[in-house]
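These notes concern the structure reproduced below.
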Amino acid sequence: MTSPTPRPRSRRVLDHSLLVLGAGALATGLGVLTLAPGISAASSHREAPLIAGDPRADNTDVYAFTSPDRSDTVTLAANWIPFEEPNGGPNFYQFADDARYNIKIDNTGDGNADVTYSWRFRTLTRDAGDQFLYNTGQVTSLNDPDLNIRQVYDLTVTTSRGTSTVLRGAPVAPSNVGKASMPNYGTLRNQAVRGLARGGKAFAGQAEDPFFADLRVFDLLYGGDLSERGQDTLAGYNVNSVALQIPKKDLALRGNATRNPVVGIWSTTERRGVQVTDSRTRSSHTGWKQVSRLGNPLVNEVVVPLKYKDAFNTLNPSQDRTVQPVVDKVLDPILPKLIQKVYGVPAPKAPRNDLAEIYLTGICKACGPIKADLNAHRLNKDASLKKIVPAEELRLNMAVPPTAKPNRLGVLAGDLAGFPNGRRLTDDVIDISLQAVEGAAQTGELVPALAAGDKVDANEVPFGTRFPYLALPHSKSVNSGPTGGARQSATNPSHAAALGTAGAALLGLGGLRLRRRRATS
């Protein structure tokens, strides 16, 4: 009988270390995953309870402006999927195949769409059986066989003459995975810009989120003492965008942008509703239901009461005036009262007919107290005044030429080409809206106590100088820091997951070694 060979001390130490390290890493990883707040929980884009749970349908911003380098056209852009972390693989960010995305234009003022552009997307996977990767090698073109998951789309336009397809099977610019996978992402972006038959352009794909703001405004207005300002909460995140550059005549009432330069714009997302099928009639009703809507920025966030936010997302603008609680909050909004409570700035007296002009009728001398003819449908010479109704839309007077040096405060600073006359990528809608709710549009003077706004005056990266103007999507992790150097923090959920995985592996290895020794002892 042989006596068991005693384990060397170094091996015992190694086994013990593996178990301790593994348990520690796993506990840390699980703890962080449990305690860390979800990234999207901080988003202002998630403006209503139901849409917050459906990011692919959540439209975050709408932009409409005369194209600075093609003044006979208007650029329309709309974004979806808030807070895309650039490193959020292996399943990156696609438009929903089972949704319909729309940009709508009202040129008569009746609150109904006269021109609707609609996108339907399809996801194509080259190898779903033996691959888990988004791309299997360097991607140098949109047709590159190494792009394992890609999307294409059909674009249609609907007018009173019916629906026609203007693009079929057009490629989507993919998520920007990183330099190793996509060394020249700008080339991919350019390949996703498509010409339209009537002289326009179209783009769909990932882009840097152009919205800039310090969302600590929701911490009781920047910490209650203006101490929480100056940090762009959206910096580093991406969105999925669609953009169009359309001749003005294609948007204007009767095709005449000179006589009828004012249009209202909003975006929507539709999903198929419950399908009720009668086996006797073989009904195939598609049941598209609107689940998200966005015209002017911040309306559903800070004007519409919580109780009505989900309902507001389902409304057509023509219905807005019938929902009295929402109309009441435009005429007597909550935000100025909160500002008065926190900072002592007196709230302007209700009813706020100046805000009704901005959000519901457009600005004109006959519309309300703001003494200017800017962007109301009543200014269209061929408009039927009897059909015009109050409706929440982003209104643009296409006759206003683009400004060589845009002012971030738009109309409030005398720059009539900016918000609320349409919306450019560089418009500081947070600061403009804060001043507007305090009555600056009516008085013509900024409120001194809020003059600095959120101290985020521009996007963290510059925008492009040609269509689609959107900045290229980020590829570095949001918590990389301003210099781009990775900060390996266990407080990041993705790092925590990796740490937890490593911990489990160490535990397994340590346990296996221990069992083997016990079996041979």
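Kindly establish whether ASP310 is over 26 Å from the mean Cα position of the chain (by Cα) and part of a helix (DSSP H, G or I). Don't jump to the end; show me each part of the working.
Numbers: over 26 Å from the mean Cα position of the chain (by Cα): no; part of a helix (DSSP H, G or I): yes.
No.
In region 234-255, which residues are more than 29 Å from GLY111 (Cβ to Cβ) and outside any strand (DSSP E or B)?
Narrowing region 234-255 to residues more than 29 Å from GLY111 (Cβ to Cβ): 234-238.
Matches in region 234-255: LEU234, ALA235, GLY236, TYR237.
Name the pairs: first residue in region 312-337 and more than 18 Å from HIS377 (Cβ to Cβ) and modelled with pLDDT of 90 or more, second residue open to solvent by 70 Å² or more (accessible area, probe 1.4 Å) and not hydroxyl-bearing (Ser, Thr, Tyr), Cβ to Cβ under 6 Å, at least 6 apart or on different chains?
LEU331/PRO351
Based on this model, can you work out whether LEU374 counts as part of a helix (DSSP H, G or I) and in contact (Cβ under 8 Å) with a residue 24 or more places away in the chain? Outline the logic, then answer.
Details: part of a helix (DSSP H, G or I): no; in contact (Cβ under 8 Å) with a residue 24 or more places away in the chain: yes.
No.
Is it the case that some residue within region 217-237 is of a type in the set (Asp, Glu) and touching a Lys or Arg at 6+ places or on another chain (Cβ under 9 Å)?
Quick first cut of region 217-237, residues of a type in the set (Asp, Glu) only: 219, 225, 228, 232.
Checking which are touching a Lys or Arg at 6+ places or on another chain (Cβ under 9 Å) leaves us with 228.
There is at least one residue in region 217-237 that is of a type in the set (Asp, Glu) and touching a Lys or Arg at 6+ places or on another chain (Cβ under 9 Å).
For region 324-340, which positions are out of contact with any Leu (no Cβ under 9 Å at 6 or more places or on another chain) and part of a helix (DSSP H, G or I)?
Selection gives GLN324, PRO325, ASP328, LYS329, PRO336, LYS337, GLN340.
Which residues, taken from region 313-323, are of a type in the set (Val, Ile, Thr) and part of a helix (DSSP H, G or I)?
Pass one, region 313-323, residues of a type in the set (Val, Ile, Thr): 314, 322-323.
Within region 313-323, THR314, THR322 qualify.
Would you point out the residue of region 292-307, among those that are outside any loop (DSSP other than H, G, I, E, B) and surrounded by 15 or more Cβ atoms within 10 Å (Cβ to Cβ), that is modelled with the lowest pLDDT? Steps first, please.
Our first condition is that a residue be outside any loop (DSSP other than H, G, I, E, B); within region 292-307, this holds for 292-294, 299-302, 306-307.
Subset that is surrounded by 15 or more Cβ atoms within 10 Å (Cβ to Cβ): 292-294, 299-302.
Working: SER292: 93, ARG293: 94, LEU294: 94, VAL299: 86, ASN300: 82, GLU301: 78, VAL302: 82.
That would be GLU301.
Collect the residues in region 398-419 that are out of contact with any Asp or Glu (no Cβ under 9 Å at 6 or more places or on another chain) and surrounded by 22 or more Cβ atoms within 10 Å (Cβ to Cβ), keeping them in residue-number order.
MET398, VAL411, ALA417
Select, from ILE334, ILE358, ILE363, the only residue that is open to solvent by 40 Å² or more (accessible area, probe 1.4 Å), in contact with a helix residue (DSSP H, G or I) (Cβ under 9 Å, 6 or more places away or on another chain) and among the β-branched types (Val, Ile, Thr).
ILE334
Go through (1) farther than 22 Å from VAL304 by Cβ; (2) out of contact with any strand residue (DSSP E or B) (no Cβ under 6 Å at 6 or more places or on another chain) and name the single condition ASN380 misses.
Just one mismatch for ASN380, condition (2).
Any idea which of (1) open to solvent by 40 Å² or more (accessible area, probe 1.4 Å); (2) more than 24 Å from the chain's Cα centre (by Cα) is the one THR123 doesn't satisfy?
(2)
Got a number for residues in region 355-364 being modelled with pLDDT under 95 and over 21 Å from GLN319 (Cβ atoms)?
Count: 0.
For region 218-233, indicate whether the set of residues that are in contact with a Leu (Cβ under 6 Å, 6 or more places away or on another chain), within 25 Å of GLY89 (Cβ to Cβ) and either outside any strand (DSSP E or B) or open to solvent by 30 Å² or more (accessible area, probe 1.4 Å) (or both) is non-empty. Give the steps one after another, and end with the answer.
So the first thing to find is which residues in region 218-233 are in contact with a Leu (Cβ under 6 Å, 6 or more places away or on another chain), and the list is 233.
Filter again for within 25 Å of GLY89 (Cβ to Cβ), leaving 233.
Going one step further and asking which of them are either outside any strand (DSSP E or B) or open to solvent by 30 Å² or more (accessible area, probe 1.4 Å) (or both), we end up with 233.
Checked against the condition, which is being in contact with a Leu (Cβ under 6 Å, 6 or more places away or on another chain), within 25 Å of GLY89 (Cβ to Cβ) and either outside any strand (DSSP E or B) or open to solvent by 30 Å² or more (accessible area, probe 1.4 Å) (or both), region 218-233 yields at least one hit.
Identify all residues within region 439-474 that are of a type in the set (Phe, Trp, Tyr) and surrounded by fewer than 19 Cβ atoms within 10 Å (Cβ to Cβ); write none if there are none. Break it down stepwise before answering.
Narrowing region 439-474 to residues of a type in the set (Phe, Trp, Tyr): 463, 467, 469.
Listed by number, the list holds a single entry, PHE463.
Please enumerate the residues belonging to region 44-94 that are out of contact with any Pro (no Cβ under 8 Å at 6 or more places or on another chain), of a type outside the set (A, V, I, L, M) and within 25 Å of LEU251 (Cβ to Cβ).
Answer for region 44-94, where residues must be out of contact with any Pro (no Cβ under 8 Å at 6 or more places or on another chain), of a type outside the set (A, V, I, L, M) and within 25 Å of LEU251 (Cβ to Cβ): ASN59, ASP69, ARG70.
Condition (residue is at pLDDT below 95 and assigned to a loop (DSSP other than H, G, I, E, B)) applied to region 432-439: is it met by at least one residue?
Yes, that holds for at least one residue.
The values are calculated or read from the model by the stated rules, or taken from the named source; none is laboratory data. Computed from a predicted model, the values in this text were never measured in an experiment. No Cβ is skipped: glycine too gets one built from the backbone with ideal geometry, and neighbour counts run over all protein chains shown. With ligands, DNA and RNA removed, areas are computed over all heavy atoms of the protein, side chains included. Shrake-Rupley method; radii C 1.70, N 1.55, O 1.52, S 1.80 Å.
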